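Shown next, in structure tokens, is the structure this report addresses.
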Amino acid sequence: MDGLFITLEGGEGSGKTTVAKYLVERLTKEGYDVLLTREPGGVKIAEQIRAVILDTNNTDMDPRTEAILYAASRRQHLVEKVIPALKEGKIVICDRYIDSSFAYQGFARGIGMSAIKDLNNFAITDGGKIYYPDLSLYFDVDPEIGLQRVSQRGDELTRLDKEKLEFHDKVRKGYLTVYSLNEYMKMIDASKSLEEVEQEAYDRVRAAINKREELLSYDKN
Ligand code: TYD
């Protein structure tokens with residue numbers, strides 16, 4: 001039976017990357033075999049695609065080109081790294097996955113959720129299976145707080161920051177839309193203290209592991 005596929009989602013400064021490390025440490029101590037990885041990137045070809053997407057000189061990139069590149073990077077990373085680990089029964093924790101594309105490309109860039117779904121279903125299908133996450137943890141925080149955390153300063157936002165803010169407000173709305181549509185997504189209030197956020201994330205993961213282990217025990221009977 002496959003392992004467990006967990007993805008972490010959220011806007012900038014939501015703390016998901018810090019929580020990812022916490023989860024890996026705690027689960028590893030408990031004896032689980034955990035793989036921590038991230039998107040976009042994680043393997044050589046996907047890292048090369050990431051470099052094209054995130055190159056600040058590429059200001060003229062068309063939104064659909066961007067969406068296709070994210071999907072291409074996703075597929076390469078999935079088949080090369082995620083699927084083999086799942087087949088070995090590992091818990092895979094991936095920092096960003098398909099829900100990032102729904103929120104950023106589908107909603108914030110205005111491509112539309114169904115176009116992103118079609119494109120990504122093509123990218124994440126392998127051996128007749130569509131690789132949606134078993135659990136997607138969405139770390140929800142007001143972008144103003146998130147961006148302030150990123151810049152590590154409490155002063156007022158500049159004009160440029162404000163433009164950013166508008167975009168990130170859209171990203172948040174996108175995530176909330178995906179959340180309302182998908183059972184596999186669970187929301188965590190990331191405005192709370194880091195300790196609380198880490199504990200809540202752990203509890204969600206623990207519940208998913210328990211459910212999986214219960215299923216496995218039926219298989220043995
Ligand atoms: P990264 O530096 O990894 O940021 P973070 O620490 O916030 O994850 O950059 C990833 C950027 O790519 C981030 O701004 C979100 C964006 N992104 C998309 O727009 N669509 C996607 O499908 C993915 C995976 C990421």
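The values are calculated or read from the model by the stated rules, or taken from the named source; none is laboratory data. In this text, all values refer to a predicted model and were calculated from it rather than measured experimentally. All Cβ positions, even for glycine, are placed from backbone atoms using ideal geometry, and neighbour counts span all protein chains on display. For accessibility, only protein heavy atoms count, side chains too; no ligands or nucleic acids. Shrake-Rupley method; radii C 1.70, N 1.55, O 1.52, S 1.80 Å.
Of the residues making up region 15-27, one or more are open to solvent by 40 Å² or more (accessible area, probe 1.4 Å) and more than 14 Å from ASP95 (Cα to Cα).
The single condition among (1) open to solvent by 60 Å² or more (accessible area, probe 1.4 Å); (2) within 12 Å of the ligand (Cβ to nearest atom); (3) assigned to a strand (DSSP E or B); (4) not acidic (Asp, Glu) that ILE68 does not satisfy is (3).
State yes or no: is GLU80 assigned to a helix (DSSP H, G or I), more than 15 Å from the chain's Cα centre (by Cα) and near the ligand (Cβ under 9 Å from one of its atoms)? Judged against the criteria, GLU80 is not a match.
Within region 44-60, can you find the residues that are part of a helix (DSSP H, G or I), among the charged types (D, E, K, R) and free of Cβ contacts under 8 Å to residues at least 12 places away in the same chain? Listed by number, the residues that qualify are LYS44, GLU47. Close contacts from region 2-26, counting a first residue that is touching a residue at least 24 places away in the same chain (Cβ under 8 Å) and in a strand (DSSP E or B) and a second that is open to solvent by 10 Å² or more (accessible area, probe 1.4 Å) and within 12 Å of the ligand (Cβ to nearest atom), with Cβ to Cβ under 6 Å and a gap of 6+ residues or different chains, come to LEU8/LYS16; LEU8/ASP95; GLY10/LYS16.
Pairs meeting the criteria (first residue in region 106-132 and without any contact (Cβ under 8 Å) to a residue 60 or more places away in the chain, second residue loosely packed, with under 14 Cβ neighbours inside 10 Å and β-branched (Val, Ile, Thr), beta carbons under 8 Å, at least 6 apart or on different chains) are ASN121/ILE130; ILE124/ILE130.
Take the conditions (1) buried (at least 16 other Cβ atoms within 10 Å of the Cβ); (2) touching a Leu at 6+ places or on another chain (Cβ under 7 Å); ARG172 misses just one of them, which is (2). Consider region 83-115 and keep the residues that are of a type in the set (Asp, Glu) and outside any strand (DSSP E or B). The one that is nearest to GLU9 (Cα to Cα) is ASP99.
Of the residues making up region 190-200, at least one is open to solvent by less than 20 Å² (accessible area, probe 1.4 Å), within 21 Å of GLY15 (Cα to Cα) and in contact (Cβ under 8 Å) with a residue 12 or more places away in the chain.
Are any residues in region 27-43 touching a residue at least 60 places away in the same chain (Cβ under 8 Å) and not in a loop (DSSP other than H, G, I, E, B), and if so, which ones?
LEU27
Going by what's in this entry, would ARG96 be described as near the ligand (Cβ under 8 Å from one of its atoms) and open to solvent by 20 Å² or more (accessible area, probe 1.4 Å)? So ARG96 passes the test. So is ARG38 in contact with a helix residue (DSSP H, G or I) (Cβ under 9 Å, 6 or more places away or on another chain), open to solvent by 30 Å² or more (accessible area, probe 1.4 Å), near the ligand (Cβ under 9 Å from one of its atoms) and under 21 Å from TYR132 (Cα atoms) or not? Taking the combined requirement at face value, the residue satisfies it.
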